[in-house]
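Student: Take this structure first; my questions come after.
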Amino acid sequence: SGSAEATAPALANVDVVELLRISAARMAEQLQAKVEQGSQTRAIVEERVGSFSDKAKDFVLNELNGTASALLRAIDDEDASLVLAFNQALEVCTPPIAVVLAGILSPTILQIQFANHLVQVLVLFLPAFVGTVWSLCTDYGAPCDIPGMRAWTCIACVISGMLVVSHCLLLSSLSGGLSAVRAKSIEVQERLIENAADGETDLSDMQEIVVGGTVLVQEALLVEDGIRRSRLNDVIGVCSALWIPMIVWNFVIVIGWTFVPGQISFFVVGAEEEVPEGAYCAQWASAFVARMICLLTPLVFFLNIAHVVYWAIAKALGSAAFERVVLSAAKAIDDGQAGIPVATTLVKAVLLRAAPDADRARLAVALGEAMRLTKMRQGLESKLGEVQQRINSGKLDRKALKTLVQRHGDSMQEQLVRLEKAGAEDTAAWKEKGAELVQAAEERAATAKNVVTAELDKVVQQITELSLQVKDSQMVQDAMEKAQKAAEEARAAAAVAAAQAQQAAAEGLAQAQEAATQGLAQAQIGIEAGIAYAQSDEVRATLAQAQAQAQDMAAQAQ
């Protein structure tokens, strides 16, 4: 109890408010340090967590790109790019059925529209515009009692002029669109022919065929859609609609005043005659043009009406509300027929002309053009690589030539000096070589001459010896003796015959001649016998043997 009593005065002396203040200050200091550490921690965590999505996205994209690159390298074929770009190819190659049907009909519709505009301009509106301009100039200031003649001429001139200009501009647009479609068709055919030239059809060629056909169909559809949405088409529709009451007005003027006799007079018969008041018209040119238009209008009247109706329907179908109503009705029909969208497809293709899918068709055409340009870029890059390779090879050649020039000099004077030096060296070398060749030839000729002369002497000597041996042989000597003996006998016989002839001269000329003839015959026989013996086989064999021996000796001598 004593300690409690001692503690009570101590607590009574303590300032509670000051104690609370000090405690609160200490707690605030501690909490502030904790809060600061907590804010720093939160900033670090938020930064890490905030960058986690970007890092994860970068990681995923890097992995996908790496996988695609590895796949392309593994496939190592240009068709791989087409496989990876399947979505793009699918957008181009598979347009809606309504777009395909509408695109197939588009070229025919464009041709019909072109013919319609051309016929209306040439048959009616151009003659009407020229005629009304001429009549306004001719009838300027002339009086006319036909009600509304001047007003009709002015309004017809304005409307026909606007129709002529609008039709001509739209004809130009139609011509350009048809030309673009034809050019695209020719381009697609050329690409198909180029792809088929190698005789192989791969995935790229098949895709080119499908893409080319679908792009061509959608290109024609877009041309038609552009013509239908053109402001010129609206101008023509409005002016054609205004031309219909102008036709009625024209018929009233022409039939009510100019065709009925006695209604109006266009000239004064005589000065003494007076034209009734309100029955004279001096605007004869305007009346002529009105009659001409009245005759030409039936030729294109139904075309004009059809064009106005077509324009009105197209404008109505172009509104989103009417389009929704028509598509809802078509969908209701399809729902009653097992849900197959036949009516919807036909309505889009024939009635709406694929207007709801026009943006998709534009996208498909743009994608097809992008694919075509990509393929063209690949071809150009391949050619560029070949050209770059040729440039690199040319660099090597130029480097070698520069090295050669640096080695031998590149100035004209240095080249001339080098050529002269080379020419002098070549001339001296050739002269020395020629002298050596001449000397060697002379030595060989001298040696050959000595050898040939000695050998020829040996051959001549051997042939001479052979001839002497042949001459001295017993057979030849016997033959020559027999021939000489036969010749001597012949000469002796001839001498005896001559002597007998002389002795018998006295007895008669006939006997002398006969004796001489007999003697000569005997002499000739003896000579022939000697010659025959000399030409006999025995003598020839002997001569042939001697000749063979001579040739053998000559061969041995050589």
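Student: Would you confirm whether or not segment 317-324 contains a residue that is among the hydroxyl-bearing types (S, T, Y) and at pLDDT 85 or above?
Tutor: no
Student: Something else: Here are the criteria: (1) farther than 30 Å from A128 by Cα; (2) in contact (Cβ under 8 Å) with a residue 12 or more places away in the chain; (3) crowded, with 17+ Cβ neighbours inside 10 Å; (4) within 46 Å of the chain's Cα centre (by Cα). Tell me which single one V350 does not satisfy.
Tutor: Tallying (1) farther than 30 Å from A128 by Cα; (2) in contact (Cβ under 8 Å) with a residue 12 or more places away in the chain; (3) crowded, with 17+ Cβ neighbours inside 10 Å; (4) within 46 Å of the chain's Cα centre (by Cα), V350 fails exactly one: (3).
Student: Can I ask one more? Can you tell me which residue among I109, I146 is surrounded by 14 or more Cβ atoms within 10 Å (Cβ to Cβ) and touching a Cys at 6+ places or on another chain (Cβ under 8 Å)?
Tutor: I146
Student: A follow-up question, please. For I227, indicate whether it is at pLDDT 80 or above and within 52 Å of the chain's Cα centre (by Cα). Steps first, answer last, please.
Tutor: Numbers: at pLDDT 80 or above: yes; within 52 Å of the chain's Cα centre (by Cα): yes.
Considered against the rule, which asks whether it is at pLDDT 80 or above and within 52 Å of the chain's Cα centre (by Cα), I227 comes out as yes.
Student: If you check I293, I313, which single one turns out to be β-branched (V, I, T), modelled with pLDDT of 75 or more and not assigned by TED's automatic domain parsing to the domain that holds L222?
Tutor: Criteria check complete, one pass: I313.
Student: Counting only residues that are farther than 16 Å from W152 by Cβ and either surrounded by 11 or more Cβ atoms within 10 Å (Cβ to Cβ) or at pLDDT 70 or above (or both), how many does segment 261-277 have?
Tutor: Adding up the residues that qualify gives 5.
Student: On the basis of being part of a helix (DSSP H, G or I) and either surrounded by 11 or more Cβ atoms within 10 Å (Cβ to Cβ) or at pLDDT below 75 (or both), does D397 make the cut?
Tutor: In short, no.
Student: Could you check segment 77-152 for helices (runs of 4 or more DSSP H) lying wholly inside it with 3 or more residues that are modelled with pLDDT of 75 or more and not polar (S, T, N, Q)?
Tutor: 97-120, 126-138
Student: Is it the case, given these coordinates, that G385 is at pLDDT 75 or above and under 23 Å from the mean Cα position of the chain (by Cα)?
Tutor: yes
The values are calculated or read from the model by the stated rules, or taken from the named source; none is laboratory data. Only a predicted model underlies this, so the values are computations on that prediction, with no experimental measurement involved. Ideal geometry is used to build each Cβ from the backbone, glycine not excepted, and the neighbour counts take in all protein chains shown.
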